[in-house]
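Report on one structure; see the data block that follows.
Each value in this text was obtained by applying a stated rule to the coordinates, not by laboratory testing. Being a predicted model, the structure only gives us computed values, none of them experimental. Note that each Cβ is placed from the backbone with ideal geometry, even for glycine, and that neighbours are counted across all protein chains shown.
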């Protein structure tokens, strides 16, 4: 996602000649209400209008067939996700279920602790700075910490950005990192929001100072992400390495593409997650939620984004070996590079998020 920005009434089921048990009726109303609200949001706001209509039609067909009847928690999320993915996969589309929603005997979804935004910042070796970002949050303290890291390591000959477990976020931290790395104003990527969403004031990227509105495709409002160099030239010739994996998603892929297509950084690791579309979080009722993609980010030179495919690294190695490869390329002795790599291994998964199992 880019920022955590944030309707329809519940559908009433027609009465049948034989009344269902109250618990069943309540479950059915809740499940169908969640599904219908999701369908309405996708139809109204999804980045590609025709695809949004197809998503909504598939969900409504499932409602009509009774597919979601009596489903709750993980089972309901899995069923809706499967119906949406069958229309067109999207790396951001996944129903968020309420905390503790799993029933007895039903496997609860894997939940990791909240992401620590910045880990292990500092000098990893003489002249070589290292920092791991796990998320780019809407948090002024994290932005200040990112800016301080750059200032504190402005004499580095190389900086290693570890985003192998970076799940997404916004532009704030990027906008205090990039000015240190470029010698002249540079266009990084283009971001295009569905025009109807933008016109209603619903764009999650409207008003960001580093974005410039430009002419774009019909039905979209395009903004280019630019970097303006700061006054300190010390890092402009530093080597920049970006460690990637299948767990590198969304805003982290934005960061990766900006480094790759400008030639300013070298990506080392595995292809990224392929979760391109940016958007905003929405509540579906009953503790359920969803992220609704309203725009896409792409290479301004080619017009291509990374949805589904990810961004290929410049140097392809197993993600767990990416830091080892960079350190040895920078002249660190193999034994010491291996020790440092192990000491800086991420604790979160370095792989693409797996789809929910079919029910």
Legend entry - Whole-number D in µm² s⁻¹ for the chain, Kirkwood Cα-pair radius fed into Stokes-Einstein, 37 °C, 0.692 mPa s: 151
Inset, instruction - Calculate the all-directions average of the projected area of the stretch 156-292's alpha-carbon convex hull, and give it in nm². - result: 9.5
Inset, instruction - Determine the gain in length on full extension of the stretch residue 86-residue 301; use 0.36 nm per residue of separation and subtract their C-alpha separation, reporting nm with one decimal. - result: 74.3 nm
Legend entry - Sorted peptide list for 302-309, 171-178, criterion being average Cβ within 10 angstrom, highest first: 171-178, 302-309
Inset, instruction - Compute the distance in nm between two label points, each set 7 Å from the Cα along the Cα-to-Cβ direction, one at residue 213 and one at residue 232. - result: 3.4
Legend entry - Estimated inter-spin distance, residue 138 and residue 343, nm [label 7 Å along Cα→Cβ]: 3.8
Inset, instruction - Quickly rank 86-97, 266-277, 331-342 as a protection proxy: mean count of other C-beta atoms within 10 Å, highest first. - result: 266-277, 86-97, 331-342
Legend entry - For the stretch 256-302, radius of gyration divided by Kirkwood radius, i.e. Rg to Rh on alpha-carbons: 1.15
Legend entry - Expected-Rg normalisation [2.2 N^0.38 Å, Cα atoms] applied to the stretch 148-229: 1.30
Inset, instruction - Please give the FRET efficiency for residue 184 paired with residue 321, using the beta carbon to beta carbon distance and R0 = 41 Å, rounded to the nearest 0.05. - result: 0.75
Inset, instruction - Could you rank the peptides 137-143, 283-289 by their average count of other C-beta atoms within 10 Å per residue, with the highest value first? - result: 283-289, 137-143
Inset, instruction - Would you mind telling me the antiparallel percentage of the DSSP bridges in the chain, rounded to 5? - result: 65
Legend entry - 12 Å tail of the calculated P(r), the stretch 285-332, as % of Cα pairs: 77
Inset, instruction - For the stretch 238-340, state what percent of all Cα-Cα pairs lands in each successive 10 Å bin, counting from 0 Å until the bin that includes the largest distance. - result: 15, 38, 26, 14, 6, 1
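Only bridges with both residues in the stretch 227-307 count here: give the DSSP antiparallel percent, nearest 5.
In the stretch 227-307, approximately 65 percent of DSSP beta bridges are antiparallel ones.
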